[in-house]
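The structure under discussion appears below in the form of C-alpha coordinates.
The values are calculated or read from the model by the stated rules, or taken from the named source; none is laboratory data. Note that this is a predicted model, so its numbers are computed, not measured. Ideal geometry is used to build each Cβ from the backbone, glycine not excepted, and the neighbour counts take in all protein chains shown. Ligands, DNA and RNA are excluded from the accessible area calculation, which covers all protein heavy atoms including side chains. Shrake-Rupley method; radii C 1.70, N 1.55, O 1.52, S 1.80 Å.
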Amino acid sequence: MAEPRRIALMPGDGIGQEVMAAAAEVLQALDKQTPLGLTWDWLEWPSTDWHRRHGEMMPADAMTQVQAYDALLMGALGDPGPLSDANRYCLPDSVSLSPLLQFRKGLGLWACERPARLLPGAPQYLADERAAEVDMLVIRENSEGEYVNQGGRLHRGTADEVATQLEVFTRRATERLIRHAFVRARERLEARGADARHFHCADKGRAGAQVCLITKRNAQPYWGDMYTEVFAEIAAEFPEIGVHHELVDAACMKFVQCPWTFDVVVASNLHGDILTDLAAVLSGGLGLAPSCNINPDSRAMPALFEPTHGSAPDIAGQGLANPAAMLLTTALMLDWVGCAQAAERLRQAVAKDLATTAGQRRTCRDVTAGVIAALH
Ligand code: IPM
Ligand code: MN
(Lines give C-alpha, C1' and ligand atoms only; values in the text may rest on other atoms or scores of the structure.)
(Ligands and ions follow the chains in the order given, each with its own letter.)
Protein backbone atom coordinates (compact mmCIF):
# COMPACT_ATOMS: atom_id res chain seq x y z
CA MET A 1 0.00 0.00 0.00
CA ALA A 2 1.16 3.52 -0.74
CA GLU A 3 2.37 5.68 2.13
CA PRO A 4 -0.41 7.97 3.35
CA ARG A 5 0.00 11.55 2.20
CA ARG A 6 0.52 14.00 5.05
CA ILE A 7 -1.47 17.22 5.38
CA ALA A 8 -0.85 20.10 7.78
CA LEU A 9 -3.99 21.92 8.88
CA MET A 10 -3.13 25.53 9.71
CA PRO A 11 -6.27 27.36 10.82
CA GLY A 12 -4.40 30.64 11.45
CA ASP A 13 -6.35 33.71 12.55
CA GLY A 14 -9.90 35.04 12.70
CA ILE A 15 -12.40 33.14 10.58
CA GLY A 16 -9.55 30.81 9.58
CA GLN A 17 -10.33 28.87 12.76
CA GLU A 18 -13.99 28.45 11.86
CA VAL A 19 -13.61 27.56 8.21
CA MET A 20 -10.78 25.12 8.99
CA ALA A 21 -13.02 23.30 11.47
CA ALA A 22 -15.53 22.95 8.64
CA ALA A 23 -12.85 21.63 6.27
CA ALA A 24 -11.70 19.06 8.83
CA GLU A 25 -15.26 17.84 9.38
CA VAL A 26 -15.79 17.48 5.66
CA LEU A 27 -12.46 15.66 5.21
CA GLN A 28 -13.53 13.26 7.92
CA ALA A 29 -16.89 12.65 6.22
CA LEU A 30 -15.18 12.05 2.87
CA ASP A 31 -12.67 9.71 4.47
CA LYS A 32 -15.47 7.73 6.09
CA GLN A 33 -17.14 7.23 2.70
CA THR A 34 -13.96 6.13 0.96
CA PRO A 35 -10.62 6.16 2.79
CA LEU A 36 -8.54 9.00 1.38
CA GLY A 37 -5.14 7.63 2.36
CA LEU A 38 -4.32 10.89 4.13
CA THR A 39 -3.19 11.77 7.60
CA TRP A 40 -3.52 15.27 8.97
CA ASP A 41 -1.96 17.19 11.85
CA TRP A 42 -3.29 20.39 13.40
CA LEU A 43 -0.63 23.10 13.61
CA GLU A 44 -1.02 26.08 15.92
CA TRP A 45 1.24 28.15 13.70
CA PRO A 46 1.51 30.33 11.81
CA SER A 47 -0.90 32.45 13.80
CA THR A 48 -1.19 35.67 15.72
CA ASP A 49 -1.89 33.61 18.82
CA TRP A 50 1.43 31.79 18.39
CA HIS A 51 3.07 35.20 18.08
CA ARG A 52 1.43 36.33 21.34
CA ARG A 53 2.92 33.32 23.10
CA HIS A 54 6.30 33.02 21.38
CA GLY A 55 7.07 36.42 19.85
CA GLU A 56 7.05 35.15 16.26
CA MET A 57 4.43 33.91 13.78
CA MET A 58 5.97 30.44 13.59
CA PRO A 59 8.91 28.49 15.00
CA ALA A 60 12.39 29.24 13.69
CA ASP A 61 12.55 25.83 11.99
CA ALA A 62 9.06 26.08 10.48
CA MET A 63 10.32 25.96 6.90
CA THR A 64 12.01 22.65 7.69
CA GLN A 65 9.07 21.25 9.67
CA VAL A 66 6.58 21.87 6.86
CA GLN A 67 8.68 19.81 4.48
CA ALA A 68 7.37 16.70 6.24
CA TYR A 69 4.00 17.38 4.56
CA ASP A 70 2.66 16.96 1.06
CA ALA A 71 0.24 19.86 1.42
CA LEU A 72 -0.44 22.73 3.78
CA LEU A 73 -4.08 23.68 4.18
CA MET A 74 -4.39 27.15 5.65
CA GLY A 75 -7.41 29.10 6.88
CA ALA A 76 -6.40 32.75 7.00
CA LEU A 77 -3.77 35.01 8.48
CA GLY A 78 -4.02 38.57 9.72
CA ASP A 79 -5.97 40.51 12.27
CA PRO A 80 -7.19 37.90 14.76
CA GLY A 81 -10.55 39.61 15.38
CA PRO A 82 -13.26 39.78 16.53
CA LEU A 83 -13.26 43.58 16.40
CA SER A 84 -15.38 43.73 19.57
CA ASP A 85 -12.54 42.22 21.60
CA ALA A 86 -10.77 45.26 23.05
CA ASN A 87 -7.82 43.13 24.22
CA ARG A 88 -7.15 41.52 20.89
CA TYR A 89 -3.50 41.18 20.04
CA CYS A 90 -2.90 43.00 16.78
CA LEU A 91 0.19 42.88 14.61
CA PRO A 92 1.17 44.91 11.56
CA ASP A 93 0.26 43.14 8.29
CA SER A 94 3.95 42.95 7.43
CA VAL A 95 4.37 40.59 10.41
CA SER A 96 1.12 38.63 10.49
CA LEU A 97 0.97 37.96 6.75
CA SER A 98 4.67 37.27 6.24
CA PRO A 99 4.39 33.45 6.60
CA LEU A 100 2.23 33.39 3.47
CA LEU A 101 4.94 35.04 1.42
CA GLN A 102 7.64 32.97 3.13
CA PHE A 103 5.86 29.75 2.16
CA ARG A 104 5.18 30.88 -1.39
CA LYS A 105 8.80 31.91 -1.97
CA GLY A 106 10.62 29.49 0.32
CA LEU A 107 8.82 26.41 -0.98
CA GLY A 108 9.14 27.44 -4.63
CA LEU A 109 5.37 27.67 -5.12
CA TRP A 110 5.62 29.82 -8.21
CA ALA A 111 2.07 29.53 -9.55
CA CYS A 112 -1.04 30.73 -7.77
CA GLU A 113 -4.22 29.37 -9.30
CA ARG A 114 -7.55 31.01 -8.60
CA PRO A 115 -10.50 29.49 -10.41
CA ALA A 116 -13.55 31.74 -10.67
CA ARG A 117 -16.70 29.95 -11.69
CA LEU A 118 -20.16 31.23 -10.84
CA LEU A 119 -22.05 28.26 -9.39
CA PRO A 120 -25.85 28.22 -9.62
CA GLY A 121 -27.27 29.71 -6.43
CA ALA A 122 -24.23 31.89 -5.73
CA PRO A 123 -24.76 35.64 -5.53
CA GLN A 124 -24.56 37.12 -9.04
CA TYR A 125 -23.46 40.71 -8.71
CA LEU A 126 -23.65 41.59 -12.40
CA ALA A 127 -27.03 42.28 -13.99
CA ASP A 128 -26.19 40.85 -17.43
CA GLU A 129 -27.51 37.29 -17.48
CA ARG A 130 -24.49 36.08 -19.42
CA ALA A 131 -22.48 36.66 -16.23
CA ALA A 132 -23.92 33.34 -15.04
CA GLU A 133 -21.45 31.71 -17.45
CA VAL A 134 -18.34 33.06 -15.72
CA ASP A 135 -15.81 30.23 -15.65
CA MET A 136 -12.25 31.43 -15.67
CA LEU A 137 -8.95 30.41 -14.19
CA VAL A 138 -6.62 33.21 -13.17
CA ILE A 139 -3.01 32.11 -12.89
CA ARG A 140 -0.88 34.50 -10.94
CA GLU A 141 2.92 34.65 -10.88
CA ASN A 142 3.80 33.85 -7.29
CA SER A 143 7.57 34.13 -6.89
CA GLU A 144 8.82 37.51 -8.04
CA GLY A 145 7.61 40.61 -9.90
CA GLU A 146 6.21 43.32 -7.67
CA TYR A 147 6.53 41.09 -4.57
CA VAL A 148 10.31 40.74 -4.37
CA ASN A 149 10.36 43.11 -1.41
CA GLN A 150 13.47 44.97 -2.45
CA GLY A 151 13.87 48.71 -2.04
CA GLY A 152 14.11 51.09 0.80
CA ARG A 153 13.36 54.45 2.30
CA LEU A 154 15.82 57.28 2.43
CA HIS A 155 15.50 60.39 4.63
CA ARG A 156 12.63 58.75 6.43
CA GLY A 157 9.94 61.12 7.71
CA THR A 158 11.51 64.22 6.18
CA ALA A 159 10.31 66.32 3.27
CA ASP A 160 13.15 64.76 1.24
CA GLU A 161 12.01 61.22 1.80
CA VAL A 162 12.47 58.80 -1.09
CA ALA A 163 10.88 55.34 -1.23
CA THR A 164 11.93 52.78 -3.82
CA GLN A 165 10.16 49.49 -4.52
CA LEU A 166 11.89 47.30 -7.02
CA GLU A 167 10.10 44.93 -9.40
CA VAL A 168 11.96 41.93 -10.81
CA PHE A 169 10.86 39.83 -13.77
CA THR A 170 12.99 36.96 -15.03
CA ARG A 171 12.63 35.10 -18.29
CA ARG A 172 12.81 31.78 -16.43
CA ALA A 173 9.84 32.60 -14.20
CA THR A 174 7.95 34.13 -17.11
CA GLU A 175 8.39 31.11 -19.35
CA ARG A 176 7.36 28.53 -16.78
CA LEU A 177 4.32 30.59 -15.77
CA ILE A 178 3.06 31.17 -19.29
CA ARG A 179 3.70 27.58 -20.35
CA HIS A 180 1.72 26.41 -17.34
CA ALA A 181 -1.18 28.67 -18.35
CA PHE A 182 -1.27 27.04 -21.79
CA VAL A 183 -1.10 23.56 -20.27
CA ARG A 184 -4.10 24.41 -18.08
CA ALA A 185 -5.96 25.85 -21.07
CA ARG A 186 -5.39 22.61 -22.97
CA GLU A 187 -6.66 20.56 -20.02
CA ARG A 188 -9.76 22.74 -19.79
CA LEU A 189 -10.34 22.36 -23.53
CA GLU A 190 -10.07 18.57 -23.24
CA ALA A 191 -12.41 18.52 -20.26
CA ARG A 192 -15.17 20.53 -21.89
CA GLY A 193 -14.78 19.44 -25.51
CA ALA A 194 -13.84 21.65 -28.43
CA ASP A 195 -17.39 22.66 -29.32
CA ALA A 196 -18.62 23.57 -25.86
CA ARG A 197 -17.46 27.18 -25.80
CA HIS A 198 -15.84 29.68 -28.07
CA PHE A 199 -13.63 32.57 -27.26
CA HIS A 200 -12.73 35.50 -29.42
CA CYS A 201 -9.05 35.29 -30.23
CA ALA A 202 -6.72 37.84 -31.70
CA ASP A 203 -4.96 35.31 -33.91
CA LYS A 204 -7.53 32.79 -35.09
CA GLY A 205 -10.91 34.46 -34.81
CA ARG A 206 -12.45 31.88 -32.51
CA ALA A 207 -11.07 28.99 -30.46
CA GLY A 208 -12.37 26.49 -27.92
CA ALA A 209 -9.92 27.70 -25.29
CA GLN A 210 -8.00 30.86 -24.70
CA VAL A 211 -5.14 32.26 -22.68
CA CYS A 212 -5.32 35.98 -22.01
CA LEU A 213 -2.07 37.68 -21.06
CA ILE A 214 -2.30 40.68 -18.75
CA THR A 215 0.39 43.38 -18.69
CA LYS A 216 0.70 47.12 -18.47
CA ARG A 217 3.14 47.23 -21.34
CA ASN A 218 2.04 50.68 -22.48
CA ALA A 219 3.46 52.17 -19.27
CA GLN A 220 5.82 49.41 -18.08
CA PRO A 221 7.38 48.26 -21.33
CA TYR A 222 10.41 46.36 -20.04
CA TRP A 223 8.69 43.49 -18.37
CA GLY A 224 5.56 44.00 -20.46
CA ASP A 225 7.45 43.44 -23.69
CA MET A 226 9.36 40.47 -22.32
CA TYR A 227 6.08 38.88 -21.21
CA THR A 228 4.55 39.58 -24.63
CA GLU A 229 7.49 38.03 -26.49
CA VAL A 230 7.61 34.94 -24.28
CA PHE A 231 3.83 34.61 -24.63
CA ALA A 232 4.11 34.58 -28.45
CA GLU A 233 6.92 32.00 -28.35
CA ILE A 234 5.01 29.63 -26.10
CA ALA A 235 1.67 30.15 -27.87
CA ALA A 236 3.30 28.69 -30.97
CA GLU A 237 3.65 25.38 -29.09
CA PHE A 238 -0.12 25.32 -28.49
CA PRO A 239 -1.75 25.96 -31.87
CA GLU A 240 -5.20 24.81 -30.64
CA ILE A 241 -5.34 27.48 -27.93
CA GLY A 242 -6.40 31.00 -28.79
CA VAL A 243 -4.47 33.96 -27.49
CA HIS A 244 -5.47 37.37 -26.32
CA HIS A 245 -3.78 40.30 -24.59
CA GLU A 246 -5.27 42.91 -22.29
CA LEU A 247 -3.74 45.80 -20.43
CA VAL A 248 -4.58 45.40 -16.77
CA ASP A 249 -6.78 48.48 -16.58
CA ALA A 250 -8.82 47.40 -19.59
CA ALA A 251 -8.98 43.87 -18.16
CA CYS A 252 -10.62 45.26 -15.00
CA MET A 253 -13.22 46.94 -17.18
CA LYS A 254 -13.85 43.79 -19.24
CA PHE A 255 -14.01 41.54 -16.16
CA VAL A 256 -17.11 43.59 -15.29
CA GLN A 257 -18.42 44.22 -18.80
CA CYS A 258 -18.02 40.74 -20.33
CA PRO A 259 -16.36 38.32 -17.89
CA TRP A 260 -17.72 35.32 -19.81
CA THR A 261 -15.24 36.04 -22.62
CA PHE A 262 -12.28 35.04 -20.41
CA ASP A 263 -10.96 31.49 -20.04
CA VAL A 264 -7.41 31.21 -18.63
CA VAL A 265 -5.93 34.54 -17.55
CA VAL A 266 -2.21 34.84 -16.78
CA ALA A 267 -0.88 37.80 -14.85
CA SER A 268 2.01 39.11 -12.79
CA ASN A 269 2.04 38.79 -9.02
CA LEU A 270 0.41 42.16 -8.25
CA HIS A 271 -1.88 42.30 -11.26
CA GLY A 272 -3.00 38.76 -10.44
CA ASP A 273 -3.62 39.74 -6.83
CA ILE A 274 -5.87 42.62 -7.82
CA LEU A 275 -7.67 40.77 -10.60
CA THR A 276 -8.44 37.79 -8.37
CA ASP A 277 -10.36 39.85 -5.82
CA LEU A 278 -12.41 41.11 -8.76
CA ALA A 279 -12.74 37.58 -10.16
CA ALA A 280 -13.84 36.38 -6.71
CA VAL A 281 -16.79 38.77 -6.82
CA LEU A 282 -17.68 37.53 -10.30
CA SER A 283 -17.90 34.02 -8.85
CA GLY A 284 -20.12 34.97 -5.92
CA GLY A 285 -17.78 36.74 -3.52
CA LEU A 286 -14.75 35.98 -1.36
CA GLY A 287 -16.78 33.42 0.57
CA LEU A 288 -16.69 31.21 -2.52
CA ALA A 289 -13.23 31.83 -3.96
CA PRO A 290 -10.65 29.02 -3.69
CA SER A 291 -6.92 29.41 -4.24
CA CYS A 292 -3.75 27.36 -4.28
CA ASN A 293 -0.01 27.97 -4.44
CA ILE A 294 1.81 25.24 -6.29
CA ASN A 295 4.99 24.26 -8.05
CA PRO A 296 3.51 22.53 -11.11
CA ASP A 297 6.91 20.96 -11.90
CA SER A 298 7.70 19.37 -8.56
CA ARG A 299 6.23 17.70 -5.50
CA ALA A 300 9.49 17.94 -3.55
CA MET A 301 8.03 20.69 -1.38
CA PRO A 302 4.50 20.88 0.01
CA ALA A 303 1.98 23.02 -1.85
CA LEU A 304 -0.02 25.65 0.03
CA PHE A 305 -3.80 25.80 -0.16
CA GLU A 306 -5.53 28.87 1.25
CA PRO A 307 -8.71 30.62 0.18
CA THR A 308 -8.40 34.08 -1.40
CA HIS A 309 -10.19 35.63 1.59
CA GLY A 310 -8.49 36.97 4.72
CA SER A 311 -9.23 36.59 8.42
CA ALA A 312 -12.37 38.83 8.28
CA PRO A 313 -12.16 40.33 11.80
CA ASP A 314 -15.52 42.02 11.25
CA ILE A 315 -17.30 38.66 11.44
CA ALA A 316 -14.70 36.49 13.22
CA GLY A 317 -15.88 34.45 16.17
CA GLN A 318 -19.57 34.67 15.25
CA GLY A 319 -19.90 31.53 13.18
CA LEU A 320 -20.97 33.59 10.18
CA ALA A 321 -18.09 32.90 7.81
CA ASN A 322 -18.97 31.02 4.66
CA PRO A 323 -16.74 27.92 4.61
CA ALA A 324 -17.44 27.27 0.91
CA ALA A 325 -14.20 28.96 -0.23
CA MET A 326 -12.27 26.82 2.25
CA LEU A 327 -14.08 23.68 1.08
CA LEU A 328 -13.43 24.44 -2.59
CA THR A 329 -9.80 25.08 -1.62
CA THR A 330 -9.79 21.70 0.14
CA ALA A 331 -11.01 20.16 -3.13
CA LEU A 332 -8.01 21.70 -4.94
CA MET A 333 -5.78 20.15 -2.28
CA LEU A 334 -7.43 16.76 -2.70
CA ASP A 335 -6.75 16.97 -6.44
CA TRP A 336 -3.12 17.77 -5.70
CA VAL A 337 -2.58 14.80 -3.37
CA GLY A 338 -4.16 12.38 -5.81
CA CYS A 339 -7.72 12.18 -4.45
CA ALA A 340 -9.41 13.45 -7.61
CA GLN A 341 -12.65 11.53 -7.03
CA ALA A 342 -13.07 12.86 -3.51
CA ALA A 343 -12.26 16.34 -4.81
CA GLU A 344 -15.01 16.09 -7.41
CA ARG A 345 -17.48 14.71 -4.86
CA LEU A 346 -16.71 17.64 -2.59
CA ARG A 347 -17.10 20.21 -5.38
CA GLN A 348 -20.44 18.69 -6.35
CA ALA A 349 -21.60 18.69 -2.72
CA VAL A 350 -20.71 22.38 -2.33
CA ALA A 351 -22.52 23.13 -5.60
CA LYS A 352 -25.59 21.14 -4.58
CA ASP A 353 -25.76 22.77 -1.17
CA LEU A 354 -25.49 26.19 -2.78
CA ALA A 355 -28.09 25.49 -5.44
CA THR A 356 -30.66 24.25 -2.93
CA THR A 357 -30.24 27.09 -0.42
CA ALA A 358 -29.89 30.11 -2.73
CA GLY A 359 -30.70 33.42 -1.08
CA GLN A 360 -30.86 32.05 2.48
CA ARG A 361 -28.80 33.53 5.29
CA ARG A 362 -26.69 30.70 6.62
CA THR A 363 -24.10 30.16 9.28
CA CYS A 364 -20.79 28.33 8.92
CA ARG A 365 -22.42 25.40 10.70
CA ASP A 366 -25.42 25.37 8.29
CA VAL A 367 -23.19 25.26 5.23
CA THR A 368 -20.93 22.58 6.71
CA ALA A 369 -23.89 20.39 7.62
CA GLY A 370 -25.49 21.01 4.22
CA VAL A 371 -22.34 20.02 2.34
CA ILE A 372 -21.88 16.89 4.44
CA ALA A 373 -25.51 15.93 3.81
CA ALA A 374 -24.98 16.51 0.09
CA LEU A 375 -22.02 14.13 0.12
CA HIS A 376 -24.35 11.27 0.94
C1 IPM B 1 -3.68 37.22 -1.38
C2 IPM B 1 -3.41 38.27 -0.35
C3 IPM B 1 -1.91 38.39 -0.12
C4 IPM B 1 -1.26 38.81 -1.42
C5 IPM B 1 -1.54 39.35 1.01
C6 IPM B 1 -2.19 38.91 2.28
C7 IPM B 1 -0.06 39.51 1.17
O8 IPM B 1 -3.97 39.49 -0.72
O9 IPM B 1 -3.33 36.06 -1.14
O10 IPM B 1 -4.27 37.54 -2.40
O11 IPM B 1 -1.20 40.00 -1.74
O12 IPM B 1 -0.80 37.93 -2.13
MN1 MN C 1 -5.15 39.37 -2.55
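When the label point is put 7 Å from the Cα of Val256 along its Cα-to-beta-carbon vector, which residues of the stretch 111-128 have a backbone N closer than 17 Å? Output list for this probe position: 124-128.
With the cut-off at 16 Å, report for the stretch 142-238 the share of all Cα pairs above it, as a whole percent.
66 percent
Using just its DSSP H runs of length 4 or more, each adding -39500 (n - 2.57), the chain gives a mean residue ellipticity at 222 nm of -12000 deg cm²/dmol after division by all residues. Loop-located trypsin sites (Lys or Arg not before Pro) across the stretch 143-178 with a Cβ neighbour count of 15 or fewer within 10 Å are Arg156, with loop assigned by DSSP. The alpha carbon gyration tensor of the stretch 116-178 gives principal lengths a ≥ b ≥ c with a/c of 1.5 or higher and a/b no greater than b/c, which makes the shape oblate.
Taking all protein chains into account, the per residue accessible area for the chain stands at 45 Å² (1.4 Å probe). Distances between placed amide hydrogens fall under 5 Å for Val265 paired with Leu137, Val138, Ile139, Cys212, all partners being 5 or more residues away or on another chain.
Between the alpha-carbon centres of the stretch 189-242 and the stretch 1-73 there is a gap of 37 Å.
Using the scaling law 2.2 N^0.38 Å as the reference, what is the normalised Cα Rg of the chain? Numbers along the way, then the final one.
Working: Rg = 20.7 Å, N = 376, 2.2 N^0.38 = 20.9 Å.
Cα Rg divided by the expected 2.2 N^0.38 Å: 0.99.
Applying Stokes-Einstein at 10 °C and 1.306 mPa s to the Kirkwood radius of the stretch 1-95, computed over alpha-carbon pairs, gives a translational diffusion coefficient of 109 µm² s⁻¹.
Accessible surface of the stretch 38-82, 1.4 Å probe: 47 percent of it comes from carbon and sulfur atoms. At an R0 of 41 angstrom, the distance between the Cβ atoms of Glu133 and His155 translates into a FRET efficiency of 0.20. Shape call for the stretch 247-303 from the C-alpha gyration tensor, a ≥ b ≥ c root eigenvalues: rounded (a/c under 1.5), prolate (a/b greater than b/c) or oblate? Cα axes put the stretch 247-303 in the prolate bin.
The count of lysine pairs in the chain whose Cα atoms are under 25 Å apart, excluding pairs fewer than 8 places apart on the same chain, comes to 5. Shown for the stretch 165-204: the carbon plus sulfur share of the solvent-accessible area, taken with all protein chains present and a 1.4 angstrom probe, equals 50%. Within the accessible area of the stretch 92-152, the carbon and sulfur atoms contribute 51%, probe 1.4 Å, all protein chains present.
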